[in-house]
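Undergrad: Sharing a structure here in structure tokens format.
What follows is calculated from the coordinates using simple rules that are stated; it is not laboratory data. This structure is a prediction, so every number in the text was calculated from the model and none was measured. Methodologically, a virtual Cβ is constructed for each residue, glycine included, from the backbone with ideal geometry; neighbour enumeration extends over all protein chains shown.
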Amino acid sequence: MADIDAAGSCHDSVLAGRRVYGIGVDVIEIVRINRFVKNHSSMLQRVFTASERNLISNPAKTSAQLSSRIFAMKEAILKACRIGWQEGVSWNDVEITDCIHCHEPLLTGKLSLYMKSKRICRVLVVSSANNLYAVAQAIALM
Amino acid sequence: MLTKDEVYSKVTDCLVEALGVDEDEVSPESTLTGDLGAESIDFLDIVFRLEKSFSIKIPRGGLFPENILSNPEFVKDGRVTEKGLQELRDKMPHLDIDKFANEPNVNNFADLFTVDMLVNYVSTKLN
């Protein structure tokens, strides 16, 4: 994307001529997500897409951090889009495609339809983490 | 058919496992966030455990309304509006809205999510 550089920083052109529909932030304890992933391994497909699960299944030490970042980003995006009681929106309607840099996630299904109805044309999200917590912030633009 | 006591017992087991609390910390009036320390991921954990334990399917947002406090249509000046209260009554019949409606301050909203609420929801699902 021209307005997000290689380091993941967003430039002013992202906001040019656009209105902010909503912002969302989420913070999560990594130990909780780790426990959740271990306890519900057979149900993870309801929360994480296939490509996200592929990232999480990496046995590397960072996989707990990655799953936490992904979960926090999904939560932040739904908050930025102000999804309330729109039935049928699934966790998998959001696919995080980059765990490190600011990026536009893949938004599909009923979430995509909802966004069109609210004239939301772009959503950007970024996350960070340390050994204890993952945090994410999202912005939805009209 | 499970009795309400049996449902309560199984719900308690789910909460003990999901939240790492002691069984004697759980009572029908316990609030999930205030008393038992639940956070967002824990709600999903609880939903998955209830589904497994009772062989039921709980749709997203079916048990816990999501992000209501960010919807300006349903919240004004820190209080849930009449429209918001009606929406809650329509979509979330397992919540005790009448009591909350006496003082619909958003700060009191989390108090709606009690162990008893879970028992009522599951009992309704099973019936």
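Undergrad: Taking the inverse of the average 1/r across all pairs of different Cα atoms in chain B, what Kirkwood radius in Å do you get?
TA: For chain B, the Kirkwood estimate is 15.1 Å.
Undergrad: Same structure again: 7 Å from Cα along Cα→Cβ at both A:Gln45 and B:Ala110: what's the point-to-point distance in nm?
TA: 3.5 nm
Undergrad: Rg and Dmax of the protein assembly as shown over Cα atoms: what are they, in angstrom?
TA: Looking at the protein assembly as shown, its Cα Rg and Dmax stand at 19.2, 61 Å.
Undergrad: Provide the per-residue ³J(HN,Hα) series for the stretch B:35-41, in order, calculated from phi with Karplus coefficients 6.51, -1.76, 1.60 and θ = phi - 60°, each as a whole number of Hz, with x at glycine and proline positions.
TA: 8, 10, x, 6, 10, 3, 5
Undergrad: Taking amide H positions as placed 1.01 Å from N in the peptide plane, with prolines and chain starts having none, which residues 5 or more places from B:Lys76, or on another chain, fall under 5 Å of its amide H?
TA: Answer set, sorted by chain and number: B:Thr81.
Undergrad: Mind checking which of A:Cys121, B:Asn107, B:Thr31 is farthest towards the positive end of the protein assembly as shown's charge dipole, using Cβ charges of +1 (Lys, Arg) and -1 (Asp, Glu) about the Cα centre?
TA: So the residue we want is A:Cys121.
Undergrad: ³J(HN,Hα) across the stretch A:121-126 via Karplus (A = 6.51, B = -1.76, C = 1.60, θ = phi - 60°), whole Hz, x for Gly/Pro?
TA: Going residue by residue, I get 10, 9, 10, 10, 9, 8 Hz, with x marking Gly and Pro.
Undergrad: Continuing with this model, one more query. Given a cut-off of 18 Å, name the pairs among A:Lys74/A:Lys110; B:Lys10/B:Lys52; B:Lys4/B:Lys125; B:Lys10/B:Lys57; B:Lys52/B:Lys91; B:Lys57/B:Lys83 whose C-alpha atoms lie farther apart than that in the structure shown.
TA: Over 18 Å Cα-Cα: B:Lys52/B:Lys91; B:Lys57/B:Lys83.
Undergrad: Tell me which of A:Gly17, A:Cys81, B:Pro72 sits at the most positive position along the dipole axis of the protein assembly as shown, charges placed on C-beta atoms (Lys, Arg +1; Asp, Glu -1).
TA: Sorting the options by dipole projection puts first A:Gly17.
Undergrad: Going by how many other beta carbons lie within 10 Å of each one, how would you line up A:Tyr21, A:Tyr133, B:Tyr121, fewest first?
TA: Fewest-to-most Cβ neighbours within 10 Å comes out as A:Tyr133, A:Tyr21, B:Tyr121.
Undergrad: Return the loop-located GluC sites (Glu not before Pro) in the stretch A:69-142 (DSSP other than H, G, I, E, B) with at most 11 other Cβ atoms within 10 Å of their own Cβ; answer none if there are none.
TA: Taking the stretch A:69-142 and a limit of 11 other Cβ atoms within 10 Å, the loop GluC sites (Glu not before Pro) found are A:Glu87.
Undergrad: Excluding B:Asn105 itself, calculate the net charge of residues whose Cβ lies under 14 Å from the Cβ of B:Asn105, where each Lys or Arg counts +1 and each Asp or Glu counts -1.
TA: Surrounding charge for B:Asn105 is 0.
Undergrad: Distance in nm between label sites at A:Ser112 and B:Lys76, each 7 Å beyond Cα in the beta-carbon direction?
TA: That separation, rounded to one decimal, is 3.6 nm.
Undergrad: R0 = 41 Å: FRET efficiency of B:Asn127 with A:Ser57, Cβ-based, nearest 0.05?
TA: Computed FRET efficiency for B:Asn127 and A:Ser57: 0.55.
Undergrad: Additional query: If you take every residue apart from A:Ser128 with its C-beta less than 15 Å away from the C-beta of A:Ser128, what net charge results, scoring Lys and Arg +1 and Asp and Glu -1?
TA: Charge balance near A:Ser128 sits at -3.
Undergrad: A further question follows. Which ordering of B:Phe100, A:Phe36, B:Phe109 is given by a fewest-first count of other beta-carbon atoms within 10 Å? Intermediate values should be presented prior to the final figure.
TA: Details: B:Phe100 17, A:Phe36 23, B:Phe109 20.
Lowest count first: B:Phe100, B:Phe109, A:Phe36.
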